[in-house]
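First the structure, in the form of structure tokens, and then the observations on it.
The values are calculated or read from the model by the stated rules, or taken from the named source; none is laboratory data. None of the values given here were measured: they were computed from a predicted structure. So basically every Cβ, Gly included, is an ideal-geometry build from the backbone, and we count neighbours across all protein chains shown.
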Amino acid sequence: ATVTPIRIAEGRRRPDFLLVLLSNKTEVVRIERMRADFIANASHELRTPLASLTGFVQTLLGPARNDEVNRERFLKIMLEQGERMARLIDDLLSLSRIEMKSHVRPDTVIDIGEIVQHSVNALLPLAKSSGTSILVHATDRPAMVRGDWDELVQVMHNLIENALKYGRAGGTVDVSIRFEDGGDGQPGVAVSVKDDGPGIDAAHIPRLTERFYRVDVSRSRAQKGTGLGLAIVKHIVARHRGRLSITSEKENGSVFCVWLERATVTENLPALELKEE
Ligand code: ADP
């Protein structure tokens, strides 16, 4: 750490006060490096589909100008690359939006069961296409938390979508909601998403929430992944002052669990308006 004293009120015999700036150079350097790495990675990820798009345009304008057979195939690849760029940009924007609001804790009272149901419904077509079943175990009473509806939907969507993409085709994805106190006895709600896929090597687990970290890049690309899904999950959970845990057993699937502080149902609900008959 460096200490930089700055003298105020120059010219007087004794300064009125002294402003001392404390900064941890190592931390500043680390953050700067992370930012530079992120920009380099993001540029590389965007450049790859862009290079492919430009290449196909050149081919269609040049050697394949009259190639009726390949035209449609090339155009389909170009469309996929364009969609890939759009997904990357959407995820990058999501990340930066969440980061900008990271110091504010969202506090709408929400039933996490509704969030899960909403996310599962949106993913039923994907589950159907891989022959995977989604089982939901809900609580007998509403499990209320404080949060942001869209962000919590994004968390559940990303975790269930990953379980479908990287789990076993034809297998089962288990989503269960339960009341669970935090380590400090704080009442909470835990939602776990479990698949019965090949699992993840222990060495990869601590790095999964890093931006652009993928266990198998070609598998992720084939599944239309951007490598940003779990980074987004981590940031949203942190903004909600929650916790994310990942456990996995080789050949036995993975469990991604989100814990959020529980809200008591009556809190912040709009007051009932009593009308005189
Ligand atoms: P992607 O867009 O590649 O899916 P994510 O950030 O969502 O990016 O996930 C990062 C990586 O973590 C994935 O590429 C995949 O290798 C691994 N992963 C995520 N969820 C699972 C899962 N349920 N089972 C096995 N691997 C997973």
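Where the second residue is loosely packed, with under 14 Cβ neighbours inside 10 Å and the first is in contact (Cβ under 8 Å) with a residue 12 or more places away in the chain and lies in the range 119-130, which pairs have Cβ atoms under 9 Å and are six or more apart or on separate chains?
Final answer for the pair search is ALA127/SER133; SER130/ALA169; SER130/GLY170.
Pairs please, first residue from the range 47-65 and within 12 Å of ARG84 (Cβ to Cβ), second anywhere and of a type outside the set (A, V, I, L, M, F, W, C) and not in a helix (DSSP H, G or I), Cβ atoms under 7 Å, 6+ apart in sequence or on different chains.
Every condition considered, no pair remains.
Report every pair of residues separated by at least 6 positions or lying on different chains whose Cβ atoms are under 7 Å apart, first residue within the range 230-243 and within 20 Å of SER254 (Cα to Cα) and modelled with pLDDT of 95 or more, second part of a helix (DSSP H, G or I) and more than 16 Å from the ligand (Cβ to nearest atom).
From residues that are within 20 Å of SER254 (Cα to Cα) and modelled with pLDDT of 95 or more, there are no pairs.
How many residues, within the range 114-142, are over 22 Å from ILE232 (Cβ atoms) and among the small types (Gly, Ala, Ser)?
5
Any chance the range 70-86 includes a residue that's within 25 Å of HIS235 (Cβ to Cβ) and out of contact with any Pro (no Cβ under 6 Å at 6 or more places or on another chain)?
Within the range 70-86, one or more residues are within 25 Å of HIS235 (Cβ to Cβ) and out of contact with any Pro (no Cβ under 6 Å at 6 or more places or on another chain).
Mind listing just one residue for me: the one in the range 88-138 that is β-branched (Val, Ile, Thr), touching a helix residue (DSSP H, G or I) at 6+ places or on another chain (Cβ under 7 Å) and surrounded by fewer than 18 Cβ atoms within 10 Å (Cβ to Cβ) and, of those, nearest to ASP174 (Cα to Cα)?
VAL136
Let me spell it out: the conditions are (1) surrounded by 14 or more Cβ atoms within 10 Å (Cβ to Cβ); (2) assigned to a helix (DSSP H, G or I); (3) more than 10 Å from the ligand (Cβ to nearest atom), and ASP150 meets all of them except one. Which number is the exception?
All conditions are met except number (1).
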